[in-house]
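Where a number appears in this text, it was derived from the coordinates with a stated rule and is not lab data. Owing to the predicted nature of the structure, the values given are computational and were not obtained by experimental measurement. No Cβ is skipped: glycine too gets one built from the backbone with ideal geometry, and neighbour counts run over all protein chains shown.
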Amino acid sequence: MECRLVVEACWSPRRLIRWQAEFGADLPFTLIFGDGEYGFTLTSDGAYSDMQLDGLNGFPGGDRKLGGRAGMGLVAGKPDQAANYVNLRWVNLHNMGDGLPLDPPDGIEGHRWPGRRRWILDGWEMIVDSRPDLKETLEDLRESYGYAVTHLARLRRCDRTPFTSAQVEPILFAYQLAASFALSRWASPSLSSGADSSGMVVWREWGVRRADAFDGVPRWWGRHLGPIEEIIDRVGRRVLHPEWSMAARLIIQGYLASTHGGFVEERITVGFAALEQLGWQRNVVEDGFDEKMYDRKLNASKRIRMALDEASIPCGVPVSLPSLRDLIGCQKDDKNDPKDGPRALALVRNRLMHPKDPNTLYGRKGLVAEAWLLLESYLQFLILHWVGYSGMVEDSLMLLDGENTLRRVPW
């Protein structure tokens, strides 16, 4: 039966792909009372022609309508057919700074704007174009905590060789993780469509990758600190490393998960796990530290302190965290475990995981939130040290001492 098929990508209130089919005649009983699984052959002119959509779950929405939700991993078309480039949309990306000039399309009024940037990662090139009204759009997103397409992009191999949808998926995810880490929240490169040399779309991703609203911890990076290209390259190459990819994904995703949503206690739990994963990766996997020695002879605070010392990051509790300073100041002296930030953070985490008297944590106003902020700063700096970043940072807690929050990394 012929129909008009509408597919929508939604980020709010949750990520999903919705579809609705509208028919010109009443549906037969075999469709209304079937197994709830439907298939479509797209017959519109142009790029979509002859694309197959099978196994869509749905239900009747009236005598002439069907609707439902599509699986998040759906690739429409011919995913095994090679494409020469991919067009995609970035949702809730930030202002990446000025780049090459862009002109409004023919017939559209407007002025030139410096909105084009070029990101290179492991033999791939992504051209990212901001919308001309990006400033106004970002202001609306901050007020509404909503979602919008902020940039358009084109991705292809630097040597222009073709590729399949399966080959480009890990590259897209690496770009997403790298950009999201710089923003301290998820941004989404979604709805990618692969086109051949003639410009014909051969497959299209109907899936919504994760994006966060404009809230969470303060960002360590901003366009006033320098170009984002170094972060894209260094973090992205870790994510694509043939041996360490899984660990890198867990570490970056753990950091991002600890910046948003849920209770602060949940954020500390997942963030601490990412910190431990990073320490294990660096010391045991990459540097060959004895596994038993690292796991059994060093407690959590010593492992954190060792990582901070290696990166020349001060271990003291910043003056901006008074409740945490008060907590650690009340502890017993231990020549093997100084009263510093790593010990304070490990103490809060241990009391969350093995609770006793709740007044030890919640009797001090803001203590748990301060521990979370310190953990986020440690994770940010230690990930940057791990990937070899050498640029400027925004030190919101003044973890590196001094009054100036803008500084170069200390290593």
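Taking the alpha-carbon centroid of each part, what is the distance from segment 250-267 to segment 332-411 in angstrom?
15 Å
Of 345, 396, 262, which is farthest towards the positive pole of the chain's charge dipole, taken about the Cα centre with +1 and -1 on the beta-carbons of Lys, Arg and Asp, Glu respectively?
Checked the options; the winner is 345.
For a quick check of your reading of the filter: which chymotrypsin sites (Phe, Trp or Tyr not before Pro) in segment 201-295 sit in a DSSP loop and have no more than 14 other Cβ atoms within 10 Å?
Values: sites: 203, 206, 214, 220, 221, 244, 255, 263, 272, 280, 289, 294; in loops: 214, 220, 221, 244, 263, 289.
Passing sites in segment 201-295 are 263.
Given the options 174, 248, 369, which has the most mean-square fluctuation in a GNM of the chain, springs set between C-alpha atoms less than 10 angstrom apart?
Residue with maximal mean-square fluctuation among 174, 248, 369: 369.
Sum -39500 (n - 2.57) across every DSSP H segment of at least 4 residues in the chain, then divide by the residue count to get the 222 nm mean residue ellipticity, nearest 500. Don't jump to the answer; show the numbers that get you there.
Working: 11 runs with 132 residues, N = 411.
Dividing the helical sum by the residues of the chain leaves -10000 deg cm²/dmol.
Only loop residues by DSSP count here, and only those with at most 15 other Cβ atoms within 10 Å; note down the GluC sites (Glu not before Pro) in segment 305-408 that meet that.
Those that pass, being in a loop and sparsely packed, are 403.
Taking the Cβ of residue 285 as the centre, find all other residues whose Cβ is under 10 Å away and add up their charges (Lys, Arg: +1; Asp, Glu: -1). Could you put the intermediate results ahead of the total?
On the way: positive: 282; negative: 243, 286, 287, 291.
So the environment of residue 285 carries a net charge of -3.
Take the chain, connect every pair of alpha-carbon atoms lying under 10 Å apart with a spring to form a Gaussian network, then pick out the residue of 321, 134, 31 with the largest mean-square fluctuation.
Looking only at 321, 134, 31, the largest GNM fluctuation is found for 31.
Mind checking segment 99-157 for trypsin sites (Lys or Arg not before Pro) that DSSP puts in a loop (not H, G, I, E or B) and that have at most 13 other Cβ atoms within 10 Å?
Details: sites: 112, 116, 117, 118, 135, 142, 154, 156, 157; in loops: 112.
Answer in residue order: 112.
How high is the relative contact order of the chain, in percent, with contacts defined as C-alpha pairs under 8 Å that are six or more residues apart?
14 percent
Where the centroid of each part is defined by its Cα atoms, how far is segment 122-198 from segment 36-95 in Å?
What the calculation gives is 19 Å, centre to centre.
Relative contact order (percent) for segment 182-312, with alpha-carbon contacts under 8 angstrom and 6 or more residues of separation?
For segment 182-312, the relative contact order is 18 percent.
Compare 128, 235, 284 in a GNM of the chain, Cα atoms joined below 10 Å, and give the one with the largest fluctuation.
Its mean-square fluctuation being the largest, the pick is 284.
Of the lysine pairs in the chain, how many meet both conditions: Cα atoms under 22 Å apart, and a spacing of 8 or more in sequence or different chains?
Lysine pairs, 8 or more places apart or on different chains, close enough: 12.
Over the alpha carbons of segment 253-374, what is the largest minus smallest coordinate on each principal axis, giving the biggest first in Å?
Taking the Cα atoms of segment 253-374, the three principal extents are 42, 36, 28 Å.
Could you work out the relative contact order of segment 153-208? I mean the mean sequence separation of Cα pairs under 8 Å and 6+ apart, divided by the number of residues, in percent.
With pairs under 8 Å counted, the relative contact order is 23 percent.
Would you tally the net charge around residue 257, using a Cβ to Cβ cut-off of less than 13 Å, leaving residue 257 out, and scoring K and R as +1, D and E as -1?
Charge balance in the 13 Å sphere: +1.
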